[in-house]
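Remarks on the structure that follows.
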Amino acid sequence: MNSFKAIIKSLLDSLRDLLPIIGVITFFQLFVLQQPIPNFTEIAIGILFVVMGLTLFVHGLNMGLFPVGENMAYAFAKKGSLFWLLVFAFSLGFGTTVAEPALIAVAKEASHVAAVGGMILDTDESRMSYAFGLRITVAVSVGFAILVGVLRIIKGWPIQYLIITGYIGVVIMTFFAPEEIIGIAYDSGGVTTSTITVPLVTALGVGLASSIKGRNPMIDGFGLIAFASLTPMIFVMGYGMVV
């Protein structure tokens, strides 16, 4: 019964979150463009599927991914092995990112544009190799970012200095990277913070900060996502310089 109530609450929350988007589209379509909504039935069914999917996704996060991330953070902190904790942090960042649907889509589109623009051979093999290399580069960069972020939590380093240093690195890399890769590099920072990576990484940071004496979850537990957005820009520009 409690689970059913939770799903109903998630359903209402999802509908509430989507109402502004629906309202904006409806307003501009009917009052600005002054045209009827095309394929209204199909769009309505699609919106219903989006609401249902978002509801199940959020409910699944609360039931599964958040507890798993926090529990593993507690377990590693209790075990007291820095090596395995850092290995886990890198593996978590790498594994969640390489499976990100948004990253897969961006890498595929980037390989197509690179082939059309003459940067790589216009063959299926070249496009697949370019897209795969881009995905692995981003995944490695996020794994490295989560590793550094976990080390920051353990050591208590101020996050602002690391972030400022990182963005200085982004600016410097921008001057040396090929123009064709800069936009992809910047977008790569955004697609890594998507549906799979964010819940697990956030839960890891909060759980780890909660389990270490002297750490504040509000101050030290958050910030891993910022690292995950930052390092792909540097790594992908480096990938463009090499490839």
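The values are calculated or read from the model by the stated rules, or taken from the named source; none is laboratory data. These numbers come from a predicted model, not from an experiment. So basically every Cβ, Gly included, is an ideal-geometry build from the backbone, and we count neighbours across all protein chains shown. When the accessible area is computed, the model is the full protein with side chains, heavy atoms only, and any ligands, DNA or RNA have been set aside. Shrake-Rupley method; radii C 1.70, N 1.55, O 1.52, S 1.80 Å.
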Over segment 138-162, the set of residues out of contact with any Gly (no Cβ under 8 Å at 6 or more places or on another chain) and surrounded by 14 or more Cβ atoms within 10 Å (Cβ to Cβ) is Val138, Val140, Ser141, Val148, Leu151, Ile154, Trp157, Leu162
Of the residues in segment 14-51, those that are of a type in the set (Lys, Arg) and over 26 Å from the mean Cα position of the chain (by Cα) number 0
Go through the residues of segment 81-104 one by one and say whether even a single one is crowded, with 17+ Cβ neighbours inside 10 Å and not in a helix (DSSP H, G or I).
yes
Set Ala177, Ala209, Ala185: member being closer than 22 Å to Leu92 by Cβ and either open to solvent by less than 50 Å² (accessible area, probe 1.4 Å) or out of contact with any Phe, Trp or Tyr (no Cβ under 6 Å at 6 or more places or on another chain) (or both)
Ala209
All-but-one check, Leu61 against (1) at pLDDT 85 or above; (2) over 21 Å from Ala185 (Cβ atoms), failing number (1)
Only one residue in Ala131, Ala139, Ala110 is within 23 Å of the chain's Cα centre (by Cα) and within 20 Å of Val198 (Cβ to Cβ). Which one?
Ala139
